[in-house]
Amino acid sequence: MTIELTQHYFENKLPRMTKPTTISQLISNPSCLDDYDPNSMPVAKARLFIQQFLSPVRETECLPLRECLGRVLAKDILSPANVPNYDNSAMDGYAFNVADIGAALPTRLKVIGAAFAGRAFNGVLARGDCVRIMTGAAMPLGADTVVVQERVSLEADTITLIDAPKPHANVRFAGEDLHIGQTVLAAGHLMRPADLGLIASLGIADVEVYRKLKVAFFSTGDELVGLGKPLETGQVYDSNRYTLYGMLSRLGVEIIDLGAITDDPALLEAALLNAAKQADVVITSGGVSVGEADYMKLLLAKHGQVMFWKVAMKPGRPLAYGKVANAHYFGLPGNPVAVMVTFYQFVREAMLRLMGQPNSAPLPVFKVECTQAIKKLAGRTEFQRGILFADTDGNWRVKPTGAQGSALLSSMSLANCFIVLDESVGNLETGALVQVQVLDGII
Ligand code: AMP
Ligand code: MG
């Protein structure tokens, strides 16, 4: 199997790469692309590269609205009606016809009835009439403006207007939010809580979405031990499958946990084939660094088209990407923090695209002041763990969580953001502006 790089990719995305090729060609002859260097792959280029090979799921299913949270719309949602469906009041007050108001205030109007949300006033206003009206109530015939109750004085069945209201004030007109036939949400949209409400406001009960992405993963390593067993010297508990489970759960994919596999080629091969057979995406952790790379490399070369990169980043330097049979494959590093960083920097975005969202993008980045000096080598992108906090002057600033080792998972638990230090950045003084990516609130 070969996967074509599109012409578009070379023309628009990476102009310095000269020749269209395939993953297979790249593996056997990396020099066929001018600046393709698997031993120093910039983060942005790795992202672009991965994007070119992602083929989203096609199958769709029609689900009850609530079950569509976190799923991607397979068809445009068109408004079957105007929203709101009728002109109604935005405030509690009195509805009247603005033409009845003369230039010389105060104006007196007679209250001839009341309109409530869900209980309309059925009469028609004559000249000089008004109707007591509540928020959401349909505008009575003959009325076009609402004056809020605080701007009138009421005596028996007569109100006196204190000041001149603007024509059509406090009225929500039919179709003001959405008009009939309008595309409310486009195919490819990831459904969030507001969207459930928006679609419900149209009276639509079932929605066509792409099917769930199936993601299989396993850990690799002779040293890994499952929970509930005692640790011998040299062993560690397999924590990566738990962070992966958590991150994948937030993405709303179907999770297939294939356990921890020892560094045994036959077992790894069986696990890989089993994973690729049943999933759209296979994720492994560990075994892609130099020591074991050849091991995995041989195996993956036999069954797929997989590239091993040393991405110019910290943590997360070793990373493998490609295809095994029809499944997309991500070989993440073994170190627990590196697993999370590479997931959020590469896998999340790729996964959203595979789920059917065409415009998936890296997490947003913005700049804040850092309250501590940072040591950093230029030449690679660093994703330090940071804590964004509201400082005493009310401004938000960031500080690193402390030690930044890629095995220190506690740094991820403490962090509420990544501090993203680009390749060109070196040591930073206290007070320097740094880029942050907020972790809280990631769907
Ligand atoms: P590797 O990439 O396989 O060389 O692993 C790098 C480091 O990550 C080693 O210290 C491993 O023990 C550790 N590691 C690998 N897989 C896991 C895992 N599933 N859970 C916790 N630590 C791991
Ligand atoms: Mg290992």
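The values are calculated or read from the model by the stated rules, or taken from the named source; none is laboratory data. Please read all numbers here as calculations on a predicted model, not as lab measurements. Glycine also receives a Cβ, built like all others from the backbone with ideal geometry; neighbour counts cover every protein chain displayed. For the accessible areas, the whole protein counts, side chains as well, though only heavy atoms, and no ligand, DNA or RNA atoms are used. Shrake-Rupley method; radii C 1.70, N 1.55, O 1.52, S 1.80 Å.
In table form, for the structure just shown:
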| item | result |
| --- | --- |
| Proximal charge balance of Arg127 [Cβ under 11 Å; K/R count +1, D/E count -1] | -1 |
| Rg [Å, one decimal], Dmax [Å, integer] - the stretch 366-438, C-alpha atoms | 11.6, 35 |
| Positive minus negative residues near Thr342 (Lys, Arg vs Asp, Glu; Cβ under 12 Å) | +3 |
| Extended-chain gain in nm, criterion 0.36 nm per residue less alpha-carbon gap, Thr22 and Ala378 | 125.0 nm |
| Sequence-distant residues sharing a close amide H with Asp87 (under 5 Å, placed H) | Met139, Ala174 |
| Positive-end extreme of charge dipole, the stretch 188-255 - chosen from Thr220, Ser249, Leu198 (charges on Cβ) | Leu198 |
| Pairs beyond 25 Å (Cα-Cα), from Lys314/Lys367; Lys214/Lys310; Lys277/Lys302; Lys229/Lys302 | Lys214/Lys310; Lys229/Lys302 |
| In order through the stretch 273-289: 3J(HN,Hα) via Karplus (6.51 cos²θ - 1.76 cosθ + 1.60), integer Hz, x for Gly, Pro | 5, 4, 5, 5, 5, 10, 10, 7, 9, 10, 10, 10, 10, x, x, 10, 7 |
| Relative frequency of Cα-Cα separations exceeding 37 Å in the chain, percent | 45 percent |
| FRET efficiency estimate (nearest 0.05) - Cβ-Cβ, Asp92 to Leu298, R0 56 angstrom | 0.15 |
| Accessible surface of the chain [probe 1.4 Å, protein heavy atoms]: carbon and sulfur percent | 53 percent |
| For the stretch 294-343 versus the stretch 128-161, the gap between their alpha-carbon centres in whole angstrom | 68 Å |
| Within-15-Å neighbourhood charge of Asn395 [Cβ basis; K, R +1; D, E -1] | 0 |
| Efficiency of FRET from Cβ geometry, Val225 and His179, R₀ 56 Å, rounded to 0.05 | 0.40 |
| Cα point-scatterer Debye curve for the stretch 21-171, base-10 log of I(q)/I(0) at q = 0.10, 0.15, 0.16 Å⁻¹ | -0.57, -0.82, -0.87 |
| Hz values of 3J(HN,Hα) by residue in the stretch 326-335 - Karplus curve (6.51, -1.76, 1.60), Gly and Pro given as x | 8, 8, 6, 10, 10, x, 8, x, x, 4 |
| Amide H contacts of Ala117 (H built 1.01 Å from N, under 5 Å, at least 5 apart or other chain) | Met134, Ala137 |
| Accessible area of the chain divided out per residue, in Å², using a probe of 1.4 angstrom | 47 Å² |
